[in-house]
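Down below is the structure, laid out as structure tokens.
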Amino acid sequence: MSLAILTVLGLILLKLSLNILLPRQWTLQQTLSDAYLTYEKSYAQRIPFEDLTSATSPWPAQPQSTTTVVDIGRTPGGSSVSGTVYRTRVPDPGNFPVDGGTGTTTTNPAAMKIWKVQSVLTYQIGDHTYVKSRTVTRAQ
């Protein structure tokens, strides 16, 4: 009788410990994805403007985009968490037509070039797919 009670008690405690660990694992993977997107944001902020707007830019002009499979990080157990990054850039409507906009010397007298640089990260936890994005506005 006591062995049966100890077995049931052990199974209940095991179930409770698993219920505690699952949200922690999800939080860890969210932290990994946020950290990777911080890298994407800093990369978009530091790339020279000439490289950003070139034909070989990591962020091609919309409607084109680049797709890259990335390793976001590793969990404490050593398993890899991966995702897919989609990069694109969108011109401001006030840019001159050569820079993707419809601006004129009247609407854009300073000849500003403004681009929204967007990185979108998709990753999967269990059966759910998550999407996060970061957008940086660059001007010259």
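Quick notes on this structure:
- Among residues of segment 90-104 that are farther than 23 Å from THR66 by Cα, none has a beta-carbon under 6 Å from a residue that is of a type in the set (A, V, I, L, M) and not in a loop (DSSP other than H, G, I, E, B) at least six positions away or on a different chain.
- Here SER42 meets each of (1) touching a strand residue (DSSP E or B) at 6+ places or on another chain (Cβ under 7 Å); (2) without any contact (Cβ under 8 Å) to a residue 12 or more places away in the chain; (3) not aromatic (Phe, Trp, Tyr) with one exception, condition (1).
- Unique residue being farther than 20 Å from LYS113 by Cα and at pLDDT 90 or above when the list is VAL81, VAL70, VAL90: VAL70
- Within segment 82-107, the set of residues being within 30 Å of ILE72 (Cβ to Cβ) and not polar (S, T, N, Q) comprises GLY83, VAL85, TYR86, ARG87, ARG89, VAL90, PRO91.
- Restricting attention to segment 86-140 and to residues that are in a strand (DSSP E or B) and small (Gly, Ala, Ser), the residue that is surrounded by the fewest Cβ atoms within 10 Å (Cβ to Cβ) turns out to be ALA139.
- Members of segment 109-137 found to be out of contact with any strand residue (DSSP E or B) (no Cβ under 8 Å at 6 or more places or on another chain), of a type outside the set (Asp, Glu) and either closer than 30 Å to SER79 by Cα or modelled with pLDDT of 90 or more (or both), listed by number: PRO109, ALA110, ILE125, GLY126, HIS128
The values are calculated or read from the model by the stated rules, or taken from the named source; none is laboratory data. In this text, all values refer to a predicted model and were calculated from it rather than measured experimentally. A quick note on method: Cβ atoms are made from the backbone with ideal geometry, for glycine too, and the neighbour counts reach across all protein chains shown.
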